[in-house]
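Taken together, the values in this text are just the output of simple stated rules run on the coordinates, not laboratory data. Given the structure is predicted, the values throughout are model-derived calculations rather than measurements. Cβ coordinates were reconstructed from backbone atoms using ideal geometry, including for glycine residues, and neighbour counts include every protein chain displayed.
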Amino acid sequence: MTRSIMLVLFAALVACGASATPAAVARPPEKPPDKPAEPSTPDPAAAKAALLARERAAWDTAKPVFQNSCATCHSKAGKKAAKKKLDHFDLDTYPPGGHHTGTIGYTVREVLGLSGEKATMPYDAPGSVQGEDLAKIVAWTDAWEAADKGGAHPPAAPETDDD
Ligand code: HEC
């Protein structure tokens with residue numbers, strides 16, 4: 001009887017995720033440590049697809065920030081849109097259009113002051129993207145970089161200017 005009560009208690013503790021296990025009850029065996037980084041999937045196409053899916057999900061989270069802070073100049077419908085701005089960065093497509101597409105994750109980090117240089121965007125209020133908004137963009141640039149390093153992006157034409 002006492003034993004079954006203990007079992008129920010233990011089950012309840014485990015079920016609600018309590019961290020303190022009563023001394024009287026044996027601890028469940030520790031989870032074995034995660035194996036060191038081995039590719040979790042041996043199928044390269046599936047691995048690339050997973051990287052792209054993560055990048056796209058991060059973009060969807062960051063997109064409202066781009067819409068609020070950038071689209072007025074960097075989307076065709078934006079009030080201050082102009083060819084020159086769209087040629088750099090065009091939010092109407094994914095990946096974003098313009099001649100920076102092949103490096104866009106790094107380029108966006110640069111213009112937002114995440115690479116050690118001063119922020120240059122938004123053009124009319126550089127450095128104004130902050131806090132949670134900036135964190136969402138950072139998360140996207142990280143997912144973009146992971147996909148890029150994982151070979152998930154199509155080979156890009158080299159950049160045609162140096163600004
Ligand atoms: C008020 C208009 C305006 C807004 C808002 C704006 N931009 Fe720009 N953006 C420009 C202009 C103008 C250029 C071209 C600057 C130049 O040639 O020096 C530019 C260029 C860029 C470039 C290319 C930079 C380079 O080094 O070649 C990127 C990337 C960019 N913008 C990203 C953004 C992002 C991200 C945002 C939002 C956080 C944003 N912009 C908001 C006007 C704007």
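Would you list 30, 117 from fewest to most Cβ contacts within 10 Å? Show your work: numbers first, answer last.
Numbers: 30 6, 117 11.
The order, fewest Cβ neighbours first, is 30, 117.
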Violating pairs (Cα-Cα greater than 32 angstrom) within the set 80/149; 48/80; 79/118; 48/79; 84/136: 80/149; 48/80; 48/79
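Given the Cα-Cα distance of residue 124 and residue 83 and 0.36 nm per residue of separation, how much length would full extension add, in nm? Write down the numbers at each step before the final one.
Numbers: separation 41, 0.36 × 41 = 14.76 nm, distance 1.72 nm.
Between residue 124 and residue 83, full extension yields an extra 13.0 nm.
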In what sequence, highest mean first, do 80-89, 62-71 appear when ranked by Cβ atoms within 10 angstrom? 62-71, 80-89
Inverse of mean 1/r across different Cα pairs in region 84-134, Kirkwood, Å: 11.4
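Computed FRET efficiency, Cβ-Cβ of residue 43 and residue 145, R0 22 Å: what is it to the nearest 0.05? Don't skip to the end; give the middle numbers.
Working: r = 22 Å, r/R0 = 0.99.
It comes to 0.50.
With the alpha-carbon atoms as the only input, what is the per residue convex hull volume for region 59-144 in Å³?
Working: hull volume 7.4 nm³, N = 86.
About 86 Å³ per residue, rounded to a whole number.
Would you work out the relative contact order for region 44-149, in percent, from Cα pairs under 8 angstrom that are 6 or more residues apart? Could you put the intermediate results ahead of the total?
Working: 116 pairs, mean separation 29.0, N = 106.
Computed over region 44-149, the figure is 27 percent.
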